[in-house]
Amino acid sequence: MDHQVLITDAGLRTPRAAAAAGILFSLLLGLALILITVSAPSDPAAAGAWLTDPARRRAVVIALNLVPFAGIAFLWFIGVVRDRTQVVPRWIGLLGFAVAVVLLVSWV
């Protein structure tokens with residue numbers, strides 16, 4: 001009987017962990033994209049000027065350092081969601097990941 005209680009408790013924490021990872025991913029990636037958008041100029045001709053400003057350069061470095069942590073949170077979120085929905089074929093999860101990576105790379 002004690003074994004069943006432990007399994008039930010572990011199952012209840014998994015969706016919360018997925019929700020936390022999803023929220024963390026969206027916050028980290030949103031912050032990184034906002035920092036890059038604010039720091040980089042909209043005019044490509046002024047590409048060198050924004051790198052000489054220490055405040056803008058620091059914002060870009062912080063943004064680029066946040067992206068791997070956002071990726072880890074995204075993978076954790078996708079892993080938990082996939083664990084919860086075992087009827088979804090494997091290729092759908094891989095396709096969703098590929099689309100997310102392509103959108104991220106094309107946006108930046």
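A short reminder: the numbers here are calculations on the coordinates, not readings from a lab. Given the structure is predicted, the values throughout are model-derived calculations rather than measurements. Counting neighbours? That spans all protein chains shown, and the Cβs are built from the backbone with ideal geometry, glycine included.
Before we move on, is T52 more than 17 Å from S106 (Cα to Cα), surrounded by fewer than 16 Cβ atoms within 10 Å (Cβ to Cβ) and of a type in the set (S, T, N, Q)? Before you say what the answer is, go through the steps one by one.
Numbers: more than 17 Å from S106 (Cα to Cα): yes; surrounded by fewer than 16 Cβ atoms within 10 Å (Cβ to Cβ): yes; of a type in the set (S, T, N, Q): yes.
When the stated conditions are applied, T52 passes them.
When region 17-66 is limited to residues that are free of Cβ contacts under 8 Å to residues at least 12 places away in the same chain and of a type in the set (S, T, N, Q), the one that is nearest to A100 (Cα to Cα) turns out to be S26. Tally up the residues in region 55-77 that are surrounded by 17 or more Cβ atoms within 10 Å (Cβ to Cβ) and more than 10 Å from the chain's Cα centre (by Cα), please. The qualifying residues number 4.
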